[in-house]
1. Is there a residue being under 23 Å from T31 (Cα atoms), open to solvent by 40 Å² or more (accessible area, probe 1.4 Å) and basic (K, R) anywhere in the range 250-265?
2. Take the residues in the range 521-541 that are within 22 Å of the chain's Cα centre (by Cα) and in a loop (DSSP other than H, G, I, E, B); name whichever of them is surrounded by the fewest Cβ atoms within 10 Å (Cβ to Cβ).
3. Pairs, please: C-beta under 6 Å, at least 6 apart or cross-chain, first residue aromatic (F, W, Y) and in the range 532-548, second open to solvent by 10 Å² or more (accessible area, probe 1.4 Å)?
4. What residue, among those in the range 21-62 that are in contact with a Gly (Cβ under 9 Å, 6 or more places away or on another chain) and β-branched (V, I, T), is surrounded by the most Cβ atoms within 10 Å (Cβ to Cβ)?
5. Would you point out which residue out of G89, G65 is at pLDDT below 95 and either touching a strand residue (DSSP E or B) at 6+ places or on another chain (Cβ under 6 Å) or surrounded by 20 or more Cβ atoms within 10 Å (Cβ to Cβ) (or both)?
6. Inside the range 112-228, counting only helices (runs of 4 or more DSSP H) that do not spill past its ends, which hold 1 or more residues that are out of contact with any Phe, Trp or Tyr (no Cβ under 8 Å at 6 or more places or on another chain), charged (D, E, K, R) and without any contact (Cβ under 8 Å) to a residue 40 or more places away in the chain?
7. Scanning for something surrounded by 19 or more Cβ atoms within 10 Å (Cβ to Cβ) and modelled with pLDDT under 95, does the range 181-188 turn up at least one residue?
8. Please indicate, with yes or no, whether at least one residue in the range 170-178 is hydroxyl-bearing (S, T, Y), open to solvent by 10 Å² or more (accessible area, probe 1.4 Å) and more than 19 Å from T229 (Cβ to Cβ).
Amino acid sequence: MADQEINLTKTYDAVVIGSGAAGGMAAHVLTSRGLKVLMLEAGKKLPIEKELRSMQWPYDNPTRGALPPDRHSLTFNEYTIRRPPYGPGFEKSKHLHSYVGSTDYVKNIVVDERENPFTGTNYAWVRARCLGGKTNIWGRLALRLSDYDFKAKSRDGYGEDWPISYSDLAPYYDKVDLYLGITGVKENLPYLPDSIFQRPTKLNCAEVTLKQGVQKMGRVLTQYRAGVTTDGLKHNQYRSRCFGRGACERKGGCDIHAAFDSPTGLIYPAADTGNLTLRTNAVVREVTVDPQTGKASGVHFIDSETMKDYTVRAKVVIVAASTLESARLLLLSKSRQHPNGLANSSGHVGHNFCEHIMGPGVTGQAKDLVGKPSTLDDGRPGGFYLTRFHNLTEKHPKFIRGYGFEGGSGARMFPEGADRHGFGASFKEEVRKNQGSYVSMGAFGEVLARYENYVDLDPVVKDKWGIPALRFHYKFGDNEHRMAEDMKETAQEMFEAAGFNIVHVNSRILTEGWSIHELGTARMGSDPKTSVLNQFQQSHDVKNLFVVDGSAFVNASCQNPTWTIMALCWRSCDYLADELGKGNL
């Protein structure tokens, strides 16, 4: 799909800023409703299959899959010790990337940190400026939220309830399931609703042992619910079903597109309608406003390569740049009518920022699998998901909300246990003998949405294009730290119950932002004084402005957000198309 020439004299029905999960979904829904849509993406359209190379063995890569010598990926200690911006001190490296950009397969997908600085408190901000954004490399876990999340305040008294219930979103979750494909097993859990699943992947021996062990404790381990089509999608010519091959565990996406990515899943089909115009290398710096009406009139952007300025007009502006970039854009879009930034009469833009806390986990060994013939576990999109079990029926004495675990076991392209001591033939034999016996899991816990956790604009630092950088004021709180302690303890308990030898317990909390699940900087709500958007992700202040990414979340829950982002977006864009048709926008 090539870029099309933008008609600068035309007023598009809608301009969509961003091409990730939210932007792609907006394009899909609106073009299918007959609207003429312009999509702006800050990065390039990459030849993504040539980047990912999921069938390539390490010995076929000049750097064994590692970064070339002129590039550096930030480590945990560097995030912890240094203060952003992270460029100074790394002068020996021509290009600097986030921790995700640590392999040759994603080096062109994630941004160069020097070109895209940010300041304030430490934060592991992962950004991907290219067509499809982070959907090119996402972890694929596709979970639904429930009324345990949407109505969390009603359960424990903290924060705010969402202005919607699960019943409002369930039909749209179904639409996303059927259009994009998802694999998993029904469990009939009220706090983790089932999807319309395609053929599931299988748990391997160690995972089945763990499932049986935690079952005795009243807990649920299920197959990884992946945004992957295992049966294929007859309505999509750009995606293949999963063949269970390739290095799915490696950082990097799916080059046969069995795993959902926005370009093949949403943008290319939208382009086939004839209603989508795509412009890449378009760094948006402002949503423009009509001085007479105060409504959004279009977008001002810079060509990332030529540095030329452009202005485009649209009846509706849809911000889908990802949570933090969307907040930044709203704050940048100041005018006489909106002196504190666009859609910010409440003062809540950038605030109530939340995500998931990560780090605590455990690695164990199933002794009965030592020396057994190796299995093929590389081609699975994931291992297992161990669901939340706290604060469901009984109140935990130390913290509110909950956490779940992601994990897996088995033999992979690069074997587990290769970091053990030794060398030579005996070392290789030891690795081969043990590789399929290891099992590990790590926790993802809800970070509470707090007004005092926020982002704003740095008054001095600017990015490569002269746009003010984002500044962080964000730290985990007491609830998160108490939850992290419990993660570590329960992980050990469950592995011991399964009969595993515990090899390593990780108690270290990873840097804020490590989950890449940033949410909540323009939350939805019924009260315009305490929220930015209504239940349809429409600005309270500017009726033809919609913010359809993770910004709208009222809380983070402990479930991965991508499927919810797309379900919310589909619902909002259906409403948008109806309202535009009625002349209400």
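The values are calculated or read from the model by the stated rules, or taken from the named source; none is laboratory data. What you see is a predicted model; the values in this text were computed from it and never measured. Cβ placement follows ideal geometry from the backbone for every residue including glycine, while neighbour counts extend to all protein chains displayed. Please note that ligands, DNA and RNA were not included when accessible areas were found on the heavy atoms of the full protein model with its side chains. Shrake-Rupley method; radii C 1.70, N 1.55, O 1.52, S 1.80 Å.
1. No: the range 250-265 contains no residue that is under 23 Å from T31 (Cα atoms), open to solvent by 40 Å² or more (accessible area, probe 1.4 Å) and basic (K, R).
2. We begin by selecting, within the range 521-541, every residue within 22 Å of the chain's Cα centre (by Cα); these are 521-524, 532-533, 535-538.
If we keep only those that are in a loop (DSSP other than H, G, I, E, B) too, we end up with 521-523, 532, 535-537.
On the way: T521: 31, A522: 28, R523: 28, V532: 33, Q535: 18, F536: 20, Q537: 28.
Within the range 521-541, the match that is surrounded by the fewest Cβ atoms within 10 Å (Cβ to Cβ) is Q535.
3. Listed by first residue and then by second, the contacts come to F536/Y575; F546/Q538.
4. T31
5. Answer to the check: G65.
6. Values: elements: 147-150, 152-156, 166-180, 205-215.
Output list reads 152-156, 166-180.
7. No, that holds for no residue.
8. Within the range 170-178, the first condition is being hydroxyl-bearing (S, T, Y), and the residues that meet it are 172-173.
Next cut, open to solvent by 10 Å² or more (accessible area, probe 1.4 Å) only: 172.
Filter once more, keeping what is more than 19 Å from T229 (Cβ to Cβ): none.
No - not one qualifying residue is present in the range 170-178.
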